[in-house]
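Asks: What follows is a structure written as structure tokens; I'll ask about it next.
The values are calculated or read from the model by the stated rules, or taken from the named source; none is laboratory data. This one's a predicted model, so the numbers in the text were calculated from it and none came from an experiment. Glycine gets a Cβ as well: all are built from the backbone with ideal geometry, and neighbour counts include every protein chain shown.
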């Protein structure tokens, strides 16, 4: 009976001490979290509006490309604001829990100095990423080649870029490691196709068939919305042992050049067969006297 009373008394004393803390500091912590959530929500809207107003349209840039740049900037700035809010909420919460944040801030300054010496690569990633974003080198949704890594840009942070290649593999590329950026989908893309014909081919006829095929492809309802300039003969590009190389050039909307080039190859092959234009086959000369077995 005495033990039960002691337990009940201890429990009541603990509740009496905890209740005032909940009504004061606990309430403030909840209020801090709510205010941070509201600020994050409003900041996201303000950042979105400011970015859309600040990003000026370029006559060389399509509306879709401008939208991709805006979405990239909005995501970067919103992520940075969210990180700052989380740090502030943590510091204020610790202060309400009775932990002095003054020494923590001073310690964070010393720690930051140490990180500055030891985390040079991390700082380099941040600075490189910042300038890449400001200079609009690439955006989320672009297909890029970062040195030897190629793929679709799925995410960009201040520290790294996330790419997904054609096999579905995800690559995380730190910005500090990027020396060269090749954007394969900036504003427009090109069809750059070489076609070989035999030396017996009448070039004027082959050129006429190529241009006609390119115009038909550009007028096709399935493809015309993606073709900016119909694929046309550009020049005789080279003379090879196997035949004459004809270069074809056209322009498409970003990310459609591969699909349209594949369709153009198919149509040119069909048109050449219909008009009697021969495409040379690769020939391999085999020496019958060459040894075929392993050499001892």
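Asks: Out of 40, 12, report the one residue that is assigned by TED's automatic domain parsing to the domain that holds residue 83 and at pLDDT 80 or above.
Replies: Working: 12 fails: at pLDDT 80 or above.
Only one candidate qualifies: 40.
Asks: Within the stretch 171-179, can one find any residue that is under 10 Å from the mean Cα position of the chain (by Cα) and at pLDDT 85 or above? I'd like the intermediate steps shown before the answer.
Replies: We begin by selecting, within the stretch 171-179, every residue under 10 Å from the mean Cα position of the chain (by Cα); these are none.
Scanning the stretch 171-179, I find no residue that is under 10 Å from the mean Cα position of the chain (by Cα) and at pLDDT 85 or above, so the answer is no.
Asks: A further question on this structure: Regarding the stretch 125-132, can at least one residue be identified that is assigned by TED's automatic domain parsing to the domain that holds residue 39, in contact with a helix residue (DSSP H, G or I) (Cβ under 7 Å, 6 or more places away or on another chain) and either modelled with pLDDT of 85 or more or not in a loop (DSSP other than H, G, I, E, B) (or both)? Working first, answer last.
Replies: Pass one, the stretch 125-132, residues assigned by TED's automatic domain parsing to the domain that holds residue 39: none.
The answer is no; no qualifying residue exists.
Asks: Would you pick out the residues in the stretch 208-243 that are part of a strand (DSSP E or B), in contact (Cβ under 8 Å) with a residue 40 or more places away in the chain and surrounded by 14 or more Cβ atoms within 10 Å (Cβ to Cβ)?
Replies: Within the stretch 208-243, 228, 231, 237, 243 qualify.
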